[in-house]
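Just below is one structure, and these are the notes that go with it.
Rule-based calculations on the coordinates, nothing more; no lab input. Just so we're clear, the structure is a prediction, and the values are computed from it rather than from any experiment. Note: ideal-geometry Cβ built from the backbone for every residue, glycine included; neighbour counts use all protein chains shown.
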Amino acid sequence: MRIVERAFSEADRRALVNAGVHPVLARVYAARRVRSAAELDDDVRRLLPPASLARCEEAAALLADAIAAKRRLLIVADYDADGATACAVGMRALSAMGAEVDYLVPNRFELGYGLTPELADLAAGRRPQLLITVDNGIASVEGVERARQLGIDTLITDHHLPGAELPRAACIVNPNQPGCGFASKALAGVGVMFYVMLALRAELRRRGAFDGKPEPNLAALTDLVALGTVADVVPLDANNRILVAQGLKRVRAGKSQPGIDALLRAAGRAPAQAGGFDLGFVLGPRLNAAGRLADMSLGIACLVTDDPGAAANGALELDRLNRERRRIEAGMLEQARAAAEAIAEAPGAAAAFYDPSWHQGVVGILAARLRERLHRPVFCFAPSAGGDIRGSGRSIPGFHLRDCLDLVAKRAPGLVARFGGHAQAAGLTLRAADFERFREVLAQVAEQTMPREALTRTVETDGNLSASELSLGLAQLLEAGVWGPGFPAPLFCDTFALESQRVVGEKHSKLKLVMDGRRLDAMRFNALDPLPARFRAAYRLSVNDWQGVPSVQVNVEHVEAP
C-alpha cells in the first residue's frame with residue numbers, strides 16, 4: 001500500500017481562499033476540481049433543470065393525463081434503499097398531486113430483480129392502468145412486453161446502464177439512455193423520480209391544476225432523495241451534492257419524514273447532527289436489511305407513513321432486521337475469509353466465491369468486505385431457485401464491473417443467464433453447475449482488461465495538517481460537508497509518535513498520539529495489531545461527542561508499511 005497526496009491547482013486553491021473558504025478546505029476542494037466558490041453553492045436553484053433530462057417532460061404529460069383521467073397508477077419498486085426512497089418520493093408526490101397510486105415491490109427471493117413477466121402478472125391483479133418503475137426497468141424488456149400484452153402501459157424511471165435493447169415502454173426517463181444529454185449521469189434512481197415529479201408539478205401548474213390552492217412542496221421530499229442518493233453510492237457530482245445538502249438541511253432542522261427521524265432515533269443518532277455518514281452507514285443499511293432478509297415493503301411503509309407511532313414501530317423492526325443481517329454476515333464472512341486465505345498470495349485479477357449455505361440477501365455486503373481485503377473485484381454467490389445461483393459483485397477503482405460481465409457473457413454465450421449493474425457494483429444469475437466455468441472466464445477477462453495500476457492499493461490523501469489545524473472547529477467544518485464517491489471525504493497524512501495503545505470494544509484500538517508536541521486522542525477501528533513508536537498514517541478528523549461534550553479525534557485509517 002502506498003500513501004500519496006492528491007494533486008491540486010494552486011490557482012484554484014488561491015481563488016477559493018480569496019473567496020473566504022477555509023484554507024484547508026480550499027486545498028481539499030481544489031483537489032476535487034472545484035475552481036470557484038460558486039461551485040460550492042448548494043442553493044436548490046442551481047439544480048439542473050428537469051427539461052434537460054430527456055423525456056422527463058413527456059413523462060410529466062403522461063402522468064398529468066393519467067391523473068386527469070383518474071387512471072390507477074402502480075409504482076414497481078426495487079428492494080434496496082434507492083428503490084425504497086424513490087418509491088416513497090413517488091407515493092408522496094403523486095398522492096399530493098391528486099393521483100390514485102399504490103406500490104408493489106418484488107420479493108427478491110421469489111421474483112428476482114425488476115419488472116419481470118411474473119411481476120407483471122402479479123401487478124395485473126391490482127388492476128393498474130399505468131405501471132411506473134423506479135430504480136429499475138431499463139433492462140425489463142420481457143416484463144414490459146408482458147405488461148403490454150395485459151393492456152398496461154409502463155413508464156420507466158431508472159438510472160442503470162441500458163443493454164442493447166430498450167423496453168417498448170410508453171416512456172423512458174433515464175439519464176444514461178442513448179440520446180440523453182443530461183449533465184448528471186450520476187443521478188440515482190430516487191433522483192430520477194424526483195426530477196419526474198418536479199416536471200409533473202410544472203405540467204400541472206401549466207394546466208391550472210393548482211389554481212386557488214397551494215402547490216405540493218416537493219422540497220419536503222429532499223430528505224428521501226438525499227438518503228437514496230448516498231445509500232446507492234453514486235458519484236456525488238455537483239448536482240447530487242445539492243440534492244444531498246438540501247436533504248440534510250431538512251433532517252437537521254427537524255423537518256424530515258417521520259420514518260427518517262424514527263430510523264435515526266432507533267439507531268441512537270441525533271437528527272440535528274445528521275451527516276452523510278448517517279445516510280450511508282446508519283439509515284441505508286437498516287432500509288436495505290428489509291430487502292435483504294424480508295420484504296422491502298416494510299421499509300417503504302416506514303418512509304410513507306405520517307404517523308410517528310407507526311414510523312417508530314417500523315424503524316424498530318428495521319433495526320432488528322439489521323442486527324440479524326449483521327449476525328448472518330459475520331458467519332458468512334468467517335467462511336469467506338478462510339477461502340480468501342488460500343488465494344491471498346496470488347488472487348489473480350478478480351475472484352469469485354460460492355457457498356451453498358450462504359444467504360442471498362447478504363452476498364453483496366460480503367463481496368464488498370472481500371474486495372477490501374483482497375483489493376480485487378470480487379463476486380459472491382448464494383443459492384437461488386431451480387438450481388440457479390445469484391451473485392453480487394463489487395469492484396475496485398479503474399475497473400468497470402458491468403462491462404466486465406458483458407464481455408464474460410459474449411466470450412461464453414449461455415453462461416450468464418442475466419446480469420446488470422454499474423461500474424463498481426453488479427449482479428448476475430447463472431446455473432450452480434456453471435460456477436467454476438464462470439470463475440475461469442471471469443479471471444481471463446479481468447486479466448486481459450484490468451489496468452495494471454488498478455491492482456496497486458493506493459491511498460490518496462489531502463496532504464499534511466499542522467498541529468494547530470488539528471482542531472475541533474476544522475473537524476466540525478469537515479463533518480458538515482457533503483462527501484461521497486467522486487467527491488471523497490478529506491483524508492490527511494502525517495507522521496505520529498505513539499504514546500499509548502489499548503483495546504476497546506474487543507476489536508478496536510484507542511490511541512494516544514503526539515505530533516509536534518501536541519497530544520491527540522485517536523481511534524483505529526477494526527485493528528488490534530501493535531503500532532511502532534513512530535509511524536506515517538492516513539487519517540480523518542472527526543468530532544467525538546462524549547456525554548454531550550464535543551472534542552476533536554483522529555481516526556487512523558491506513559498505516560504505511562515501513
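Compared with the dominant Cα axis of the chain, that is its longest principal axis, helix 363-374 is turned about 30°.
Projecting the Cα positions of V503, A446, P50 onto the charge dipole of the chain (unit charges on Cβ atoms of Lys, Arg, Asp and Glu, taken about the Cα centre) puts V503 furthest along the positive direction. Need one word for segment 48-320: rounded, prolate or oblate. Basis is the Cα gyration tensor (sqrt eigenvalues a ≥ b ≥ c); a/c below 1.5 gives rounded, then a/b vs b/c decides. Rounded, because the longest to shortest axis ratio a/c is under 1.5.
Using Cα atoms only, what is the angle between the long axis of helix 435-449 and the major principal axis of the chain, expressed in degrees (0 to 90) to the nearest 10? Helix 435-449 sits at roughly 70 degrees to that axis. Given a cut-off of under 8 Å on Cα pairs at least six residues apart, what relative contact order in percent is computed for segment 376-473? Reported as a whole number, the value is 25 percent. For Cα Rg over 2.2 N^0.38 Å, the listed values are [x] 1.49; [y] 1.21; [z] 0.99; which was obtained by calculation from the structure presented? Here the calculated entry is [z].
Estimate the FRET efficiency between E341 and L150 by the formula 1/(1 + (r/R0)^6), using the beta-carbon distance for r and 56 Å for R0, to the nearest 0.05.
My answer for the efficiency is 0.60.
Between the Cα long axis of helix 308-343 and the first principal axis of the chain there is an angle of about 60°, rounded to the nearest 10. Projecting the Cα atoms of Y539, A522, L477 onto the dipole axis of segment 459-559, where Lys and Arg carry +1 and Asp and Glu carry -1 at the beta carbon, places A522 farthest toward the positive end. Inter-part distance, segment 430-486 to segment 287-324, computed on C-alpha centroids, equals 30 Å. In loop segments of segment 132-199 as defined by DSSP, the GluC sites (Glu not before Pro) with at most 15 further C-beta atoms inside 10 Å of their C-beta are E165. Modelled spin-label separation between H375 and Q547, with each label point placed 7 Å from Cα along the Cα-to-Cβ direction: 4.2 nm.
Give me the dipole magnitude in Debye, nearest 20, for segment 137-283 about the Cα centre, with unit charges on the beta carbon: positive for Lys and Arg, negative for Asp and Glu. Mind showing how you got there, number by number?
Details: 16 positive and 13 negative charges, 107 e Å.
Around 520 debye, computed over segment 137-283.
For segment 459-559, calculate the relative contact order in percent as a whole number, restricting contacts to Cα pairs under 8 Å that are 6 or more residues apart.
On the way: 196 pairs, mean separation 28.2, N = 101.
Relative CO of segment 459-559 lands at 28 percent.
Over the chain, Cα pairs under 8 Å with separation of 6+ residues give a relative contact order of 12 percent.
For segment 500-558, the Cβ-based charge dipole about the Cα centre amounts to some 200 debye (Lys, Arg positive; Asp, Glu negative; other atoms uncharged). Looking at the chain, the DSSP beta bridges with both ends there are about 65 percent antiparallel. Here the dipole of segment 387-436 is about 80 debye; that uses its Cα centre as origin and unit charges on the Cβ of Lys and Arg (positive) and Asp and Glu (negative).
Go ahead and run the numbers for FRET between A61 and A533, Cβ-Cβ distance against an R0 of 45 Å, rounding to 0.05. Write down the numbers at each step before the final one.
Working: r = 69 Å, r/R0 = 1.54.
My answer for the efficiency is 0.05.
Projecting the Cα positions of A226, A183, L204 onto the charge dipole of segment 48-320 (unit charges on Cβ atoms of Lys, Arg, Asp and Glu, taken about the Cα centre) puts L204 furthest along the positive direction. The gain in end-to-end length when the R2 to F210 segment is fully stretched comes to 69.0 nm, 0.36 nm per residue minus the alpha carbon separation. Answer rounded, prolate or oblate for segment 500-562, using the Cα gyration tensor with square roots of eigenvalues a ≥ b ≥ c: rounded when a/c is under 1.5, else prolate when a/b is larger than b/c, else oblate. In terms of gyration-tensor shape, oblate.
Between the beta carbons of V44 and R14, assuming R0 = 25 Å, the FRET efficiency works out to 0.30 to the nearest 0.05.
Counted over segment 344-455, the DSSP beta bridges are approximately 80% antiparallel.
For segment 145-230, which trypsin sites (Lys or Arg not before Pro) pass both filters: DSSP loop (anything but H, G, I, E, B) and at most 12 other C-beta atoms within 10 Å? When the trypsin sites (Lys or Arg not before Pro) of segment 145-230 are filtered for loop state and at most 12 Cβ neighbours within 10 Å, R168 remain.
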